[in-house]
Amino acid sequence: MSGSTKTMSVLTVGVLVLTTAYTVALGSNGWLWFGWVVLGLVTIGVAVIRDA
């Protein structure tokens, strides 16, 4: 994994933690979860492309 892929992975996990904390504190927000899913898919795509 390259440095940029690792950074993106850490960012994705960080956003997951923040989204979960927001959901616990203030209630669920579908747009936050949708954004996290999109970010996760982009991160997976970048990882697959970089490793190929």
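The values are calculated or read from the model by the stated rules, or taken from the named source; none is laboratory data. Bear in mind that the values here come from a model prediction, so they are computed numbers and not experimental data. Neighbour counts run over all protein chains shown; Cβ positions are idealised from the backbone, glycine included. Just the protein is used for accessible areas: all its heavy atoms, side chains included, with ligands, DNA and RNA removed. Shrake-Rupley method; radii C 1.70, N 1.55, O 1.52, S 1.80 Å.
A few points about this structure:
- Between helix 3-26 and the chain: long-axis angle, C-alpha atoms, 0 to 90°, nearest 10: 10
- Total formal charge among the other residues, if their Cβ is under 13 angstrom from that of SER2, Lys/Arg +1 and Asp/Glu -1: +1
- Heavy-atom accessible surface of the chain: percent carbon and sulfur, 1.4 Å: 78
- Label-point gap, in nm, between VAL24 and ARG50 - each point 7 angstrom along Cα→Cβ: 2.9
- Rolling a 1.4 Å probe over the protein heavy atoms gives the chain an accessible area of 73 Å² per residue.
- Contact order relative to length of the chain, as percent, for alpha carbon pairs under 8 angstrom and 6 or more apart: 58
- Of the two radii for the chain, the radius of gyration is 1.07 times the Kirkwood radius, both from the alpha carbons; that is the Rg over Rh value.
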